[in-house]
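The values are calculated or read from the model by the stated rules, or taken from the named source; none is laboratory data. Please read these numbers as outputs of a predicted model, since none were measured by experiment. Note that we place each Cβ from the backbone using ideal geometry, even for glycine, and neighbour counts take in every protein chain shown. For the accessible areas, the whole protein counts, side chains as well, though only heavy atoms, and no ligand, DNA or RNA atoms are used. Shrake-Rupley method; radii C 1.70, N 1.55, O 1.52, S 1.80 Å.
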Amino acid sequence: MTFVGRKSKQEAIKAFERFVSPAKVRFFSMVGIDFVPAKRESVWYWDLDGRKLIDCHCNGGVYNLGHRNPEIVSTLKKALEELDIGNHHLISEHRASLAEKLASLMPGEIERTVFGVGGGEAVDFAIKLARGHTGRKKIVYAKGGYHGHTGFALAAGDEKYSKPFEPLAPGFVAVPFGDADALRKVVDEDTAAVLFETIPATLGMPMPPDDFFPQVREICDEKGALMILDEVQTGLGRTGKMWGIEHYDVVPDVIITAKGLSGGIYPISATCFKAGLDDFMAVEPFIHVSTFGGAEIGCVVAEKVLEISARESFLDNVSAMGKRIREGLESFAEEFDFVREIRQKGLFIGVKMEEGYGPLLSIACYHNGILAVYANNDPSVLQLLPPLIIDDGHLEYIMQNLRKALEFASERKDLLEVIKQLIG
Ligand SMILES: Cc1ncc(COP(=O)(O)O)c(C=O)c1O
């Protein structure tokens, strides 16, 4: 039995349009991106029509280890001989092992984990933890950030994704990312937590000032609020360190990880926190449960993901490749006048351009063999998130084809207006 190619590309698009989402098919046809993922292997994605792209989207980090990483696939196959999802009410050897491994890789005294299925769920639990522990209501978050599509996570996001679903959970207050003075003004005795992405991906990867997170820590300590970091995109080696926050020498109270923890194979997420923050669960241990959260088979996969991601050679590769990509991008910035700034930590990269260039570059990349998208909450930024396993050959491919995409964009500035009208 083969799964890929049971439908032709046109049949797949038609069925998706009818049975899944006409709106998404309309969007992709408007921007001329008709990609239907078929075969996938390592850093590569093939379209159903056979065309090959390098995956610099990686689904926000899901494919940090590449597609169908052989070590991950073989772990899953072996696990299927013995395990299933397990029973989330019961004590679990596999959740215990994975939590122990996470604790060994976490900064400071973060040592306990509650598992979920996706990032939004893990953020929701972090908010429960903060409110449950402190008995306070207010949650302060960054304007224009993104934490997921679920209840509390949605309330901590941009209104673009939440307006039609109001009323949202109350008690959420936005501040500009990276502005410690603004934060100081709103964090008070009723603040349960401050929640930030370490570097907000959807906001176009603005790098926080070096003293920002130390100040966040200080403000949280002063007011007794928890410091929660969403490392769904910046974690698991993406920035060249295991956790993005390690660049800033600060230990938060809670770290959230998801996406890449799955190995791209089995969904799982984790909210990791200092022991004791879950004191409110002593009264009712089952006050927070998730049937598929921390499925045992997924735990075994995630443990392997952590083992690979923590290898010194793995993290060294991320830093080395990041440095080389930066050099290349800086030369592009000199050459192409619409490229304004390179935002980068390891292989977490944003190319800041003039207004409107992000969508044009995404389209240009697509037609030049690269899958990469613009930042939704700042469309002047192209996100570049290659798999963390890229080597010299992949790097050369990315730089050569990105240059072609930039050349296309500089020759077709007329398309900027058309794209703006199509997608706003
Ligand atoms: C930083 C961040 N946090 C949380 C989420 C939500 O994760 P999920 O889609 O798995 O719920 C995302 C998803 O893109 C994200 O980028």
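Couple of notes before you dig in:
Listed here are the residues, each with its yes/no results for (1) within 19 Å of the chain's Cα centre (by Cα); (2) open to solvent by 50 Å² or more (accessible area, probe 1.4 Å).
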{"position": "VAL305", "(1), (2)": "yes, no"}
{"position": "VAL318", "(1), (2)": "yes, no"}
{"position": "GLU327", "(1), (2)": "no, yes"}
{"position": "VAL339", "(1), (2)": "no, no"}
{"position": "ARG343", "(1), (2)": "yes, no"}
{"position": "GLU355", "(1), (2)": "no, yes"}
{"position": "HIS367", "(1), (2)": "no, yes"}
{"position": "LEU371", "(1), (2)": "yes, no"}
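- Among the residues here, ARG131 qualifies as of a type in the set (Lys, Arg) and either assigned by TED's automatic domain parsing to the domain that holds LYS345 or open to solvent by 50 Å² or more (accessible area, probe 1.4 Å) (or both).
- The set of residues in the range 139-178 that are without any contact (Cβ under 8 Å) to a residue 12 or more places away in the chain and more than 16 Å from the ligand (Cβ to nearest atom) comprises GLU159, LYS163, PRO164, GLU166, PRO167.
- Pair list, Cβ < 7 Å and 6+ apart or interchain, from the range 47-72 residues that are within 16 Å of the ligand (Cβ to nearest atom) to residues that are part of a strand (DSSP E or B) and acidic (Asp, Glu): TYR63/ASP55
- Residue in the range 81-89 that is in the same structural domain as ALA405 (by TED's automatic domain parsing) and open to solvent by 80 Å² or more (accessible area, probe 1.4 Å) present: no
- Exactly one residue among ILE265, ILE256 is within 20 Å of the chain's Cα centre (by Cα), within 27 Å of PRO387 (Cβ to Cβ) and not in a loop (DSSP other than H, G, I, E, B), and that residue is ILE256.
- Positions within the range 373-394 being of a type outside the set (S, T, N, Q) and open to solvent by 10 Å² or more (accessible area, probe 1.4 Å), in sequence order: VAL373, TYR374, ASP378, PRO379, ILE389, ASP391, ASP392, GLY393, HIS394
- If you go through the range 179-199 and keep only what is within 16 Å of the ligand (Cβ to nearest atom) and in contact with a strand residue (DSSP E or B) (Cβ under 6 Å, 6 or more places away or on another chain), you end up with ALA193, VAL194, LEU195, PHE196, GLU197, THR198.
- Count of the range 51-67 residues which are open to solvent by less than 50 Å² (accessible area, probe 1.4 Å) and at positive phi: 4
- Filtering the range 88-97 for residues that are without any contact (Cβ under 8 Å) to a residue 12 or more places away in the chain, within 23 Å of the chain's Cα centre (by Cα) and more than 16 Å from the ligand (Cβ to nearest atom) leaves an empty set.
- When the range 239-263 is filtered for residues that are of a type in the set (Lys, Arg) and away from the ligand (no atom under 12 Å from the Cβ), only LYS241 remains.
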